[in-house]
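See below for the structure under consideration.
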Amino acid sequence: MADVVEVTIVTVRDIFQDEAGRKSRFSDEYKNLSALIILDKQDLIRLKAKDGQRLLVKNDVGSIVVAARTSEDDAHPGIAFMYNSPWSNQLVSDNVCESSIPGFKSIKATLSAAETNITQITEIQARMQS
Amino acid sequence: MATCTGCSLLCEDIEAALENGALSHVKNLCRKGHGHFQAAFTERTVPMIDGQQVDLDRAIAKAAEILRNARSPLLYGWSNSTLEAQAAGIKLAEKLGATIDDTSSFCQGILMERILSGKIPTCTLDDVRNYADTSIFWGSDPSSSHPRHLSRFSYYPRGEKRQKSYEEERTCIAVDVRKSATAKLCSNYYFRVAPGGDGEFLEAILAVLDGKIPRVGDKKKMIEFGSILKKTEWGAIFPGLGMIYSLQDKMELFERLLAKLNEITTFKVIPMVGHYNMRGFNELMREKTGFINRVSFKGGARAHGPEHSVVAAARTCDAALVIGSDPLSALPFGTARALARLPLIAIDPRRSMTTDAAKVVIPSALSGLEAGGTAARMDGVRIKFEPIIDTQLLSDEQIITRIMEAI
Ligand code: SF4
């Protein structure tokens with residue numbers, strides 16, 4: 001794999017992930033639909049990563065391990081998508097301007113190979129209490 | 001007939017039959033609504049203090065004690081509560097000298113403020129069904145967020161003036177950073193914007209409408225977009241968070257577009273509000289305080305500003321009450337952690353990351369299914385609903401009233 005690839009993450013909605021979250025925030029179904037990052041094919045090639053591979057997504061705010069998913073959209077190198085969730089929120093800064101809106105749709109982060117497992121919701125809860 | 005409170009369309013035509021305490025048959029619910037209804041039967045909360053189950057009276061008394069002893073309490077959530085509960089919440093905030101805010105402060109608030117003050121023209125969804133020949137989903141993806149929007153109002157129905165509907169008379173357009181489920185449906189009328197590029201996109205359309213060549217973007221596509229707008233008889237724009245987060249302090253450009261379009265034809269705007277009664281909270285707050293959100297009643301005053309948003313107040317308050325919302329899951333990590341470290345009171349029908357971290361948990365009845373009330377649909381139309389399930393659980397309004405009495 002290439003060392004590190006920089007991306008801007010845009011969070012979006014998905015009806016299947018939304019439905020899973022309504023049923024349970026603590027289910028495997030919700031985790032599997034949330035702890036993923038949708039990447040352009042070129043970015044996956046740059047990372048020498050495959051669909052489903054675990055990636056460490058990191059920035060100044062935090063880090064998470066999620067699964068890579070290949071985008072079916074037209075080319076969007078450098079732009080990645082995540083479904084809005086506690087996983088994506090680990091990377092969102094709470095430094096806000098006059099508008100009070102955090103940068104949910106403009107998260108700068110780096111991607112690299114992950115040595116650990118997919119981040120669990122219990123780990124996120126533990127971080128909040130730490 | 002039941003009303004679904006799964007999103008701000010508040011569909012009133014839901015048929016639901018129950019057998020042995022579970023849903024045995026439902027009709028007219030979308031996938032999201034089905035998840036919302038199913039949720040009534042799993043992971044329900046019980047009254048708790050410090051992780052120990054207690055009786056409801058003790059949980060309410062403890063919540064009152066925390067709020068009474070706090071110097072700067074924050075009351076947050078409200079977008080998933082009825083107008084009656086919201087009104088009680090605003091009274092509680094006044095009584096406590098608390099800060100009160102809802103989800104709109106970090107989502108549709110900056111657009112809703114312009115809608116409610118009349119700076120941007122709006123209409124009802126029924127007008128859209130009857131008259132609209134062009135619907136523009138801008139940074140919104142109703143197929144994921146408001147699944148019955150297109151079938152009930154904006155694309156498929158045969159309205160009074162649109163009997164030939166989507167086959168001949170309606171066009172739907174998507175402006176988005178990605179080819180969303182809705183954008184795929186709009187097929188030829190999908191216009192891609194770069195992340196954060198909505199301001200430039202707006203400037204390009206304004207140039208086209210002025211008969212100029214746009215300086216940015218795909219010129220041919222922009223000219224095509226401009227000509228659809230000009231040919232529209234009655235259009236509606238449905239902005240989502242994609243547009244709002246991208247524009248923020250450039251919202252004036254959107255106002256200019258609406259002014260320009262309404263010189264040529266008719267165009268209205270309905271914000272794609274997520275939670276079922278966010279708009280209701282904004283309307284009530286505006287009526288009572290002059291501001292739609294982010295208000296502090298400290299010292300008997302009515303201060304408004306970004307320092308009273310949930311994101312800022314989470315760091316400065318010394319206790320928080322969260323109702324019908326899961327900020328620990330929905331807000332940035334820093335805000336979630338700040339809230340998790342506070343004496344936190346969570347009023348919620350179901351388990352969430354917020355109830356898990358709360359010092360006091362108060363279970364509530366699920367609006368629409370177990371509790372009745374009134375809510376404002378995304379277009380402001382007030383919808384009254386009755387519960388379809390009998391329950392001993394208190395409604396949000398009853399819980400807030402009980403806390404207020406205990407204080
Ligand atoms: S569109 Fe919204 S209100 Fe209607 S059934 Fe679906 S979730 Fe419920």
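The values are calculated or read from the model by the stated rules, or taken from the named source; none is laboratory data. Keep in mind the model is a prediction, meaning the values are calculated, not measured. We place every Cβ from the backbone using ideal geometry, glycine too, and count neighbours over all the protein chains shown. Just so you know, the surface numbers come from the protein's heavy atoms only, side chains and all, with ligands and any DNA or RNA stripped out. Shrake-Rupley method; radii C 1.70, N 1.55, O 1.52, S 1.80 Å.
Per residue, the convex hull spanned by the Cα atoms of the protein assembly as shown measures out at 141 cubic angstrom.
Based on C-alpha pairs under 8 angstrom that are at least 6 apart in sequence, segment A:1-102 has a relative contact order of 35 percent. Backbone phi angles across segment A:108-118, fed through the Karplus curve with coefficients 6.51, -1.76 and 1.60 (θ = phi - 60°), yield HN-Hα couplings of 7, 7, 10, 10, 8, 5, 9, 8, 10, 6, 3 Hz in residue order; Gly and Pro are listed as x.
Subtracting the Cα-Cα distance of residue B:392 and residue B:233 from their residue separation scaled by 0.36 nm leaves 52.1 nm. In terms of its C-alpha gyration tensor, segment B:109-269 comes out rounded, because the ratio a/c of the largest to the smallest axis stays below 1.5. Taking amide H as placed 1.01 Å from N in the peptide plane, residue B:2 has its amide H under 5 Å from the amide H of B:14, B:15, B:16, each at least 5 places away in sequence or on another chain.
Over chain B, the alpha carbon radius of gyration divided by the compact-protein estimate 2.2 N^0.38 Å works out to 1.02.
What chain B shows is 37 Å² of accessible area per residue, with the surface traced by a 1.4 Å probe over protein heavy atoms. Scaling against 2.2 N^0.38 Å puts the C-alpha radius of gyration of segment A:13-87 at 1.12. The distance linking segment B:46-81 with segment B:179-196 is 44 Å (Cα centroid to Cα centroid, whole angstrom). GNM remark for chain B: springs join alpha carbons under 10 Å apart, and the peak mean-square fluctuation among B:355, B:391, B:82 falls on B:391. Expressed as a whole percent, how much of the Cα-Cα distance distribution for segment B:258-407 exceeds 24 Å? Considering segment B:258-407, 45 percent of its Cα-Cα pairs are separated by more than 24 Å. DSSP bridge analysis restricted to segment B:308-407 gives an antiparallel fraction near 30%, rounded to the nearest 5.
Inter-chain neighbour count for A:85-97: the average number of beta-carbon atoms from partner chains within 10 Å of each residue's beta-carbon is 5. Under the convention that each Lys and Arg Cβ holds +1 and each Asp and Glu Cβ holds -1, the size of the dipole of segment B:109-269 around its Cα centre is about 340 debye. Think of chain A as a dipole: +1 on every Lys or Arg Cβ, -1 on every Asp or Glu Cβ, centred on the Cα centre; then among A:80, A:125, A:20, A:125 lies furthest on the positive end. Using the rule -39500 (n - 2.57) for each DSSP H run of four or more residues, divided by the residues of chain B, the 222 nm mean residue ellipticity is -11000 deg cm²/dmol.
The accessible surface of segment B:178-240, taken with every protein chain in place and a 1.4 Å probe, is 51 percent carbon and sulfur. How much accessible area is lost when chains B and A come together, counting both sides, with a 1.4 Å probe, in Å² rounded to the nearest 100? Buried: approximately 4000 Å² between A and B.
Net charge dipole, the protein assembly as shown: roughly 640 debye, given to the nearest 20, about the Cα centre with Cβ charges of +1 for Lys and Arg and -1 for Asp and Glu.
Give the separation of the Cα centroids, segment A:87-119 to segment A:24-61, in Å. What the calculation gives is 13 Å, centre to centre.
Rg over Rh for segment A:75-130 works out to 1.00, using Cα positions for both radii and the Kirkwood form for Rh. Bridging of residue B:288 to aspartates and glutamates at a Cα separation below 12 Å is possible for B:94, once same-chain residues fewer than 8 apart are set aside. Given +1 at the Cβ of Lys and Arg, -1 at the Cβ of Asp and Glu and no other charges, the dipole of segment B:240-304 around its Cα centre is 220 debye to the nearest 20. Values of log10 I(q)/I(0) for chain A across q = 0.11, 0.14, 0.20, 0.22 Å⁻¹ run -0.36, -0.59, -1.20, -1.41, by the Debye formula with one identical scatterer at each alpha carbon and no solvent.
The Cα-based radius of gyration of segment B:296-371, divided by its Kirkwood radius, gives an Rg/Rh of 1.01. In segment B:23-122, the convex hull through the Cα atoms has an average projected area of 10.2 nm², a quarter of its surface area.
Debye-formula intensities of segment B:188-241, expressed as log10 I(q)/I(0) at q = 0.15, 0.17, 0.20, 0.23 Å⁻¹, are -0.41, -0.54, -0.74, -0.97 (one equal scatterer per alpha-carbon, no solvent). Report the FRET efficiency, 1/(1 + (r/R0)^6), for residue B:264 and residue B:287, where r is their Cβ-Cβ distance and R0 is 56 Å, rounded to 0.05. Taking R0 as 56 Å, the efficiency between residue B:264 and residue B:287 is 0.95. Working from label points 7 Å from Cα in the Cα-to-Cβ sense, the residue B:43 to residue B:20 distance is 2.4 nm.
Contact residues in segment A:1-29 by the 20 Å² criterion (accessible area, 1.4 Å probe, full protein complex versus chain alone): A:10, A:12, A:13, A:15, A:16, A:18, A:19, A:22, A:23, A:24, A:25, A:26.
At an R0 of 45 angstrom, the distance between the Cβ atoms of residue A:116 and residue B:50 translates into a FRET efficiency of 0.90.
Shielding by partners for peptide B:351-364, expressed as the average number of C-beta atoms from other protein chains within 10 Å of each residue's C-beta, is 2. Packing around the peptides B:176-182, B:2-8, taken as the average count of other Cβ atoms within 10 Å per residue, puts them in this order, highest first: B:2-8, B:176-182. With contacts taken as Cα pairs under 8 Å at a separation of at least 6 residues, chain B carries a relative contact order of 26 percent. Each semi-axis of the equivalent ellipsoid for segment B:77-193 is √(5λ) with λ an eigenvalue of the Cα gyration tensor; in descending order they amount to 34, 17, 13 Å.
Name the residue farthest towards the positive end of the dipole of chain B from the options B:276, B:357, B:234, assuming +1 on Cβ of Lys and Arg, -1 on Cβ of Asp and Glu, about the Cα centre. Toward the positive end, the furthest listed residue is B:234.
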